[in-house]
Amino acid sequence: MREIDLLTEFSRKAGSKLEPENIKIDDTTLRDGEQTAGVVFANDEKVHIAKMLDDIGVHQIETGIPAMGGDEKEAIRKIASLDLNCSILGWNRAVKSDIDASIECGVDSVAVSISSSDIHIEHKLRKSREWVLESMKSCVDYAKSFNLYVSVNAEDASRSDMEFLLQFARTARDAGADRLRYCDTLGILDPFDTFMKVKTIIDIIGIDIEMHTHNDFGMAIANAIAGIKAGATYVNTTINGLGERAGNATFEELVMALKYIEGVDLGFNTKLFRGLSEYVASASGRILPIWKPIVGGNLFVYECESKISAVMSDPKTYRLFSAGDVGLERNIIIGKYSGAKSITFKLSSLGYKVSEKEAMQLAEIVRDKSVSLKRSLFDSEIIDAYKSYKNESKKSNNLTGKNGGS
Amino acid sequence: MVALEDKRRINIIDTTLRNGEQTAGVVFSKQEKLRIAKMLDEIGVPEIEIGTPSLGELEREIITEIIKLKLNCRLFAYCEAEPKEIEYAAESGIENIIINISTSDIHIKKKYNKNRTWVINKLRESIRVAKRNKLNFIVSAEDATRTDLEFLLKIMHIAKKKGAYRFRIGDNVSAYDPFRTFLSINTILSMIDFPLEIYTKNDFGMATANGMAAIRAGASSIVVAINGLGDGTGNAALEEIVMALKYLENIDLGITTSKFREVAEYVAKASARAIPVWKAIVGTNVFAHESGIHADGVLKNPKNYEVFDPGEVGLTRQLVVGKHSGSHTILYKFKEFGIDLTDKEANEILTLARSMSVDLKRSLFDKELMYIYRDYEGKKKKREKEMKSDEEE
């Protein structure tokens, strides 16, 4: 089959309707998010983030790595004891003592993680494929004997030999694992490859799949969605896309993309998104860029004249959802790209009325000002420009004795 | 990986100086615009949008000055489908323009307050002015992804017949995912033989993925901006598209990627928007490894956790010591400082470093590692001394 026909077939298949009850979010802000170089949460922050995620309606929280001991273990134990609605998961290497540490924390679910790619097996683990299967199987058996929900994580799955990955998935399934986490550890997949690979595993092995994607080439969200379309039922996300290197699939982007592009509403309380993002940004010591999709705010800040009048008449002309849906507000600012309509609107919101002619002249004044200041203007600067303009025109009227445009 | 069958020629057109500057709050100075144009040219970007002539005299003056630089890349100015705007473009001395017009019913109704016939007439009128002024032009359909296919094709046929250079499909509200993008581009191309350019937005974090999907479906050009700068949530990032084409699709555009970090930094400064450390491709965290498993993996072989060498985009690898570090990182770090630790020492220092990191709520500076080491050495010596004096007694 020609490539283009194959991709067309994928895309058609990917178009089938998704059901909200088949999609569950497993948020890993507290694990992969904290694992980001430079990021450390305080225990209180971890507990608070867990509570916020639970309030929003997340299905499962990956709370950390119990085997690290000390503070980390304490935070996980605390979260597990909160009696939240969501499931609580602990992350483990495929090592029995790691799982013991998880059990001591009182989690209901464990992730058993081990690499499945030859490059990792050879260069990182320095072991054999057989060793990998054996370690994974014995850990699943062990965790299952404690009646835990078990996610087997195939690290670097996207660079794994498909034959071996299928064997890996089959071994996990036969050992009683509840799901397989498909890790695109290096973020090297594109949505079409993701669709094909995930579909292959589901068709052949028939195990629940969780998507774990990374944003190294800017495709974390698209790949997570591609996985869902191929039949994956879980997605591993982080708030603000926090995570190793370029980060993971962003929680708020995924939820909103599902709702507004794919037509699946997970029923989350999205109005809490901005607040949650701000909290995690501050706890992780990372700014929240204003152009950040969904929660950055810039999506609802308008400067461009042609857009402003359209948005005034109907916000849907430029945005699929409204600022209030994610806890933000719409804002109109005045700068280099402003025109008469923007100025009229802005001044009226500040309590000043201008004629059409005045608005045209003022627009030119504020545009020049914005260019010379290399930024948009503050409200006080706009009012100041308006007052100076009024004074000037009054003066020139007095001088000429003529009636100016009032 | 399903690779593209034949190595088609893929074009990128950078809009940092146009849609990038159109971002609410961003204004470039004249010098900055000239510098960015030069930088884009130097790294080998084939086409750039340099501004909007209708904005005013200053903007036109800058456009004229960029033209005078006689760059290798092809320069474009941006116009709405309004005869006056096209006259302004001609005045600036530019040879190539983009004629933009909304084609979706929601835009026609709510933005223009007009009907489809009005849109067709405006476009024809604008093209006439462009041709009279001997301008090459791209026709850009704003909100194309929410446009009735039949009407979109009608507009495309007009553009083709009147001699447009190519046709731009605007996904201005990020209405599509990659699969729909693919199907849509594929469908259009099966109905009309004309070069297509894709314009994507990042409202749901899929600007790059949608751009790449369009390319896979047969689009030959994609609109990008450095750091993904642009209106709202921004455009497909230049650096992401170039690297994704190279490493995911095996298409090397021949761009000097080793300058990426430098260019990204300059644009970040000029737009007063810091590059987040986690920014894909050019963020400093992309090659920073802290967790024991990752750092150990990278030390054994960078390929364990890196797809390309950091030098390729002008970055360097960093090993960061913090809460998630393992003893291999400590051994490696101290070796860099010229100190060979035993495994036992490394483990003990690791415990101290981890607890300090938890306490400080961040990773440690190299200096702080040295302080830990000195304290550790001091205590050890003191202990040895006490033991010695105990023995003597």
Label model pair A:Glu74, B:Tyr266: point-to-point distance (7 angstrom along the Cα→beta-carbon line) in nm is 5.1
Which stretch or stretches of region B:288-316 have amide N atoms under 13 Å from the point lying 7 Å from A:Asp118's Cα along the Cα→Cβ direction?
none
Compute the FRET efficiency between B:Asp375 and A:Asp161 as 1/(1 + (r/R0)^6), taking r as their Cβ-Cβ distance and R0 = 41 Å, and round to the nearest 0.05.
0.25
How much FRET efficiency would the formula 1/(1 + (r/R0)^6) give for B:Phe365 and B:Phe308, where r is the Cβ-Cβ distance and R0 is 22 Å, rounded to 0.05?
0.20
Mean residue ellipticity at 222 nm from the helices of chain B, using -39,500 (n - 2.57) per DSSP H segment of n ≥ 4 over the full residue count, to the nearest 500 deg cm²/dmol?
-14500 deg cm²/dmol
Holding the Cα-Cα limit at 31 Å, pick out from B:Lys84/B:Lys110; A:Lys51/A:Lys96; A:Lys46/B:Lys379; A:Lys46/A:Lys346; A:Lys124/B:Lys269 the pairs that are longer than that.
A:Lys46/B:Lys379; A:Lys46/A:Lys346; A:Lys124/B:Lys269
Backbone N under 16 Å from the A:Ile103 label point (7 Å along Cα→Cβ), restricted to region A:147-179:
A:147-151
Hey, what number do you get for chain A at 222 nm if only DSSP H runs of n ≥ 4 count, each worth -39500 (n - 2.57), divided across all residues, to the nearest 500?
-14000 deg cm²/dmol
Grab the Cα-Cα distance for A:His48 and A:Lys395, subtract it from 0.36 nm times how many residues apart they are, and report the gain in nm with one decimal.
118.9 nm
Would you kindly state how much longer the chain becomes between B:Thr342 and B:Lys30 on full extension, computed as 0.36 nm times their sequence separation minus their alpha carbon distance, in nm to one decimal?
106.5 nm
So what is Rg over Rh here for region B:85-156, counting just Cα atoms and using Kirkwood for Rh?
1.00
For the protein assembly as shown, compute Rg over Rh where Rg is the Cα radius of gyration and Rh is the Kirkwood radius from the inverse mean 1/r over Cα pairs.
1.01
FRET efficiency for B:Asn133 and A:Lys13 from the Cβ-Cβ distance with R0 = 35 Å, rounded to 0.05, comes out at 0.15
In whole Å, largest first, the alpha carbons of chain A cover along the principal axes 97, 56, 38
Other chains' Cβ within 10 Å of B:211-219 residues: what's the mean?
3
To one decimal place, what Kirkwood hydrodynamic radius in Å is obtained for region B:164-252 from all pairs of distinct Cα atoms?
12.8
Top of A:Ile383, A:Ile88, A:Ile65 by mean-square fluctuation, Gaussian network on chain A, Cα under 10 Å:
A:Ile383
In nm, the gap between the two label points placed 7 Å beyond Cα toward Cβ at B:Met191 and B:Lys68 is 4.7
All alpha-carbon distances of chain B, grouped into 10 Å bins from 0, give the whole-percent distribution 5, 20, 26, 19, 11, 9, 6, 3, 1, 1, 0
Can you tally the net charge around A:Leu377? Count Lys and Arg as +1, Asp and Glu as -1, for every other residue whose Cβ sits under 13 Å from the Cβ of A:Leu377.
+1
Ratio for region A:290-391, C-alpha Rg to 2.2 N^0.38 Å, reads 1.09
Taking 8 Å as the Cα distance limit and 6 or more residues as the minimum spacing, I'd like the relative contact order of chain A as a percentage.
13
GNM result for chain A, Cα springs below 10 Å: residue of A:Leu242, A:Leu373, A:Leu320 fluctuating most strongly:
A:Leu373
Can you flag which of A:Lys259/A:Lys316; A:Lys229/B:Lys303; A:Lys341/B:Lys131; A:Lys17/A:Lys199 are past 22 Å Cα-Cα?
A:Lys229/B:Lys303; A:Lys341/B:Lys131
How much length, in nm to one decimal, is gained on full extension between B:Lys382 and B:Asn301, taken as 0.36 nm per residue of separation minus their Cα-Cα distance?
25.2 nm
Among B:Lys30/B:Lys201; B:Lys335/B:Lys381; A:Lys13/B:Lys154; B:Lys122/B:Lys162, which pairs are too far apart, with a Cα-Cα distance over 18 Å?
B:Lys30/B:Lys201; B:Lys335/B:Lys381; A:Lys13/B:Lys154
Cβ-based net charge around B:His157, under 13 Å, with every Lys or Arg adding one and every Asp or Glu removing one
+3
Pick from B:Lys110, B:Lys303, B:Lys154: which residue has the top mean-square fluctuation in a GNM of chain B where Cα pairs under 10 Å get a spring?
B:Lys110
Give the angle, between 0 and 90 degrees and rounded to the nearest 10, that separates the Cα long axis of helix A:251-260 from the longest principal axis of the Cα atoms of chain A.
70
Restricting to chain A, what percent of DSSP beta bridges are antiparallel, rounded to 5?
5
Descending packing, highest mean Cβ count within 10 Å first, for A:152-159, A:42-49, B:371-378 is A:152-159, A:42-49, B:371-378
Reachable aspartates and glutamates, given that their alpha-carbon falls under 12 Å from the alpha-carbon of A:Lys24 and they are not under 8 places away in the same chain:
A:Asp208, A:Glu210, A:Asp265
Where does the charge balance sit around A:Ala220 when Lys and Arg score +1, Asp and Glu -1, over other residues with C-beta under 10 Å from its C-beta?
-3
Could you give the spread of the C-alpha atoms of region A:154-276 along their three principal axes, from largest to smallest, in whole angstroms?
43, 29, 24
Region A:1-72: translational diffusion in µm²/s, Stokes-Einstein, Kirkwood Rh over Cα pairs, 10 °C, 1.306 mPa s:
104
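Rule-based calculations on the coordinates, nothing more; no lab input. Since we're looking at a predicted model, the values are computed, not measured. No Cβ is skipped: glycine too gets one built from the backbone with ideal geometry, and neighbour counts run over all protein chains shown.
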